[in-house]
Amino acid sequence: MRVLRDEDGLDLVGLDILPSPWTTVVGSVADRDVVRRCVEGVDAVVHTATLHKPHVASHGRRDFVDTNVTGTLNLLEESVAAGVGRFVFTSSTTTFGRALTPPPGAPAAWIDEDVVPVPRNVYGVTKVAAEDLCELVHRDHGLPCVVLRTSRFFPEADDRDDVRAAYDDLNLKVNELLNRRVDVEDVVSAHRLALDRAPEIGFARLVISATTPFTRDDLATLGADAPAVVRARFPEYEAIYAERGWRMFPRLDRVYVNERARAVLGWASRYDFATALERLAAGADPRSPLALRIGAKGYHAESFGPYTTR
């Protein structure tokens, strides 16, 4: 919202359940009447509203269905009725679920759009359902829909106690740029391109993650000794990490692959692992200026688990 309004100068309607500098209508996507008013006269919809994985512990399954499924259907059908020209849906690599975790001792999983999702929880189930609704409405009504399956880009602390205890937070996030993270500035650029190209694309599901330096030939070693593969690609990483007391993950269980997004959107991730190393070596923060401006927003109205308050 802030980039499309402040940098692109677009006239926007911002629907959110909470007021903010970028909210013009306070309400829920689950409220069909509110959605109808919001899409009237608009050219494009960017649908980011969702209950996230951290809400699994604080919200019921019905809440997820209301927001993630019913809310998406409301937006899609009202967009068709209003003559909206393009629709971009922010989904998640969480949709892949159990397909992301190979058995012990197996090679790392190569995760692209051809991998069949096996949702792990109600978040994954409802995001897959929302994606399928996008495809259904595209087929039935011709609404151009681009689904962006984004990997981790949130700045909040990891929700796993053992991981938070084992790694400095920035160390963890830089490590993840190798296989399962993307900077928010790259997420924004993917959405802008999806908006531009949706009419010619028609429908697509695209993985949005920092470009991995690995190939399929690396998967077996990554599953057993990730530092060896990283050392071969980036001999300088160990000294940069040692200065900060950082560590590489001993193994990787998955690699997200963005080849299709690069081909279909003409997109490229600017903030990958190589860029992070360059910035760290120069004494700079590895995150993008936009990521630093946004900071942590939190997922809950009150403090919950490891997450900050909103």
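The values are calculated or read from the model by the stated rules, or taken from the named source; none is laboratory data. Quick caveat: nothing in here was measured; it's all calculated off a predicted structure. Using ideal geometry, Cβ is built from the backbone for each residue, glycine included, and neighbour counts are taken over all protein chains shown.
Hey, does the stretch 55-78 have a residue that's under 23 Å from Ser189 (Cα atoms) and of a type in the set (Phe, Trp, Tyr)? Within the stretch 55-78, none of the residues are under 23 Å from Ser189 (Cα atoms) and of a type in the set (Phe, Trp, Tyr). Here Asp11, Asp114 are screened, and the one residue that is part of a loop (DSSP other than H, G, I, E, B), charged (D, E, K, R) and at pLDDT below 95 is Asp11.
Restricting the stretch 74-111 to residues that are β-branched (Val, Ile, Thr) and either assigned to a loop (DSSP other than H, G, I, E, B) or out of contact with any helix residue (DSSP H, G or I) (no Cβ under 8 Å at 6 or more places or on another chain) (or both), which is nearest to Glu131 (Cα to Cα)? Steps first, answer last, please.
Looking only at the stretch 74-111, we keep the residues that are β-branched (Val, Ile, Thr), and these are 80, 84, 88, 90, 93-95, 101, 111.
Subset that is either assigned to a loop (DSSP other than H, G, I, E, B) or out of contact with any helix residue (DSSP H, G or I) (no Cβ under 8 Å at 6 or more places or on another chain) (or both): 84, 101.
Details: Val84: 18, Thr101: 22 Å.
Of everything passing the filter in the stretch 74-111, Val84 is nearest to Glu131 (Cα to Cα).
Is one or more of the residues making up the stretch 40-50 assigned to a strand (DSSP E or B), touching a residue at least 24 places away in the same chain (Cβ under 8 Å), surrounded by 15 or more Cβ atoms within 10 Å (Cβ to Cβ) and not aliphatic (A, V, I, L, M)? Checking the stretch 40-50: at least one residue is assigned to a strand (DSSP E or B), touching a residue at least 24 places away in the same chain (Cβ under 8 Å), surrounded by 15 or more Cβ atoms within 10 Å (Cβ to Cβ) and not aliphatic (A, V, I, L, M). Of the residues examined, Arg62 is one that is among the charged types (D, E, K, R) and within 19 Å of Glu131 (Cα to Cα).
The set of residues from the stretch 124-171 being assigned to a helix (DSSP H, G or I) and in contact with a strand residue (DSSP E or B) (Cβ under 8 Å, 6 or more places away or on another chain) comprises Gly124, Lys127, Ala130, Glu131, Cys134, Glu135, Val137, His138, Arg139.
Pairs meeting the criteria (first residue in the stretch 105-126 and within 23 Å of Leu73 (Cβ to Cβ), second residue in a loop (DSSP other than H, G, I, E, B) and of a type outside the set (Phe, Trp, Tyr), beta carbons under 6 Å, at least 6 apart or on different chains) are Val125/Pro119.
Say we look at the stretch 134-168 and pick out the residues that are within 30 Å of Val42 (Cβ to Cβ) and aromatic (Phe, Trp, Tyr); which of these is modelled with the lowest pLDDT? First the steps, then the outcome.
In the first step, residues of the stretch 134-168 are kept if they are within 30 Å of Val42 (Cβ to Cβ); the result is 134-155.
Next cut, aromatic (Phe, Trp, Tyr) only: 153-154.
On the way: Phe153: 94, Phe154: 86.
Of everything passing the filter in the stretch 134-168, Phe154 is modelled with the lowest pLDDT.
Please indicate, with yes or no, whether at least one residue in the stretch 262-281 is among the β-branched types (Val, Ile, Thr) and either over 30 Å from Arg205 (Cβ atoms) or not in a helix (DSSP H, G or I) (or both). Taking every residue of the stretch 262-281 in turn, none turns out to be among the β-branched types (Val, Ile, Thr) and either over 30 Å from Arg205 (Cβ atoms) or not in a helix (DSSP H, G or I) (or both). Count of the stretch 222-245 residues, restricted to those that are under 18 Å from Thr101 (Cβ atoms) and not aliphatic (A, V, I, L, M), is 1.
Taking Val29, is it within 25 Å of Arg152 (Cβ to Cβ), at pLDDT 85 or above, in a strand (DSSP E or B) and hydrophobic (A, V, I, L, M, F, W, C)? Criteria not met by Val29. If the Cβ limit is 9 Å and pairs must be 6+ apart or interchain, which residue in the stretch 257-285 that is surrounded by fewer than 16 Cβ atoms within 10 Å (Cβ to Cβ) pairs with which residue that is part of a helix (DSSP H, G or I) and of a type in the set (A, V, I, L, M, F, W, C)? Correct list of pairs: Gly266/Leu193; Ala281/Ala239; Ala281/Ile240; Asp285/Leu170; Asp285/Ala291; Asp285/Leu292.
Each row is one residue, and each column tells you yes or no for (1) in a helix (DSSP H, G or I); (2) hydrophobic (A, V, I, L, M, F, W, C); (3) in contact with a helix residue (DSSP H, G or I) (Cβ under 6 Å, 6 or more places away or on another chain); (4) crowded, with 22+ Cβ neighbours inside 10 Å.
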site: Leu193; (1), (2), (3), (4): yes, yes, yes, no
site: Leu206; (1), (2), (3), (4): no, yes, yes, yes
site: Thr212; (1), (2), (3), (4): no, no, no, yes
site: Pro235; (1), (2), (3), (4): no, no, no, no
site: Trp246; (1), (2), (3), (4): no, yes, yes, no
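Is one or more of the residues making up the stretch 178-186 in a helix (DSSP H, G or I), touching a Pro at 6+ places or on another chain (Cβ under 6 Å), buried (at least 21 other Cβ atoms within 10 Å of the Cβ) and on the phi < 0 side of the Ramachandran plot?
From the stretch 178-186, those in a helix (DSSP H, G or I) are 184-186; that's our starting set.
Checking the rest, the ones that are also touching a Pro at 6+ places or on another chain (Cβ under 6 Å) come to none.
No, the stretch 178-186 contains no residue that is in a helix (DSSP H, G or I), touching a Pro at 6+ places or on another chain (Cβ under 6 Å), buried (at least 21 other Cβ atoms within 10 Å of the Cβ) and on the phi < 0 side of the Ramachandran plot.
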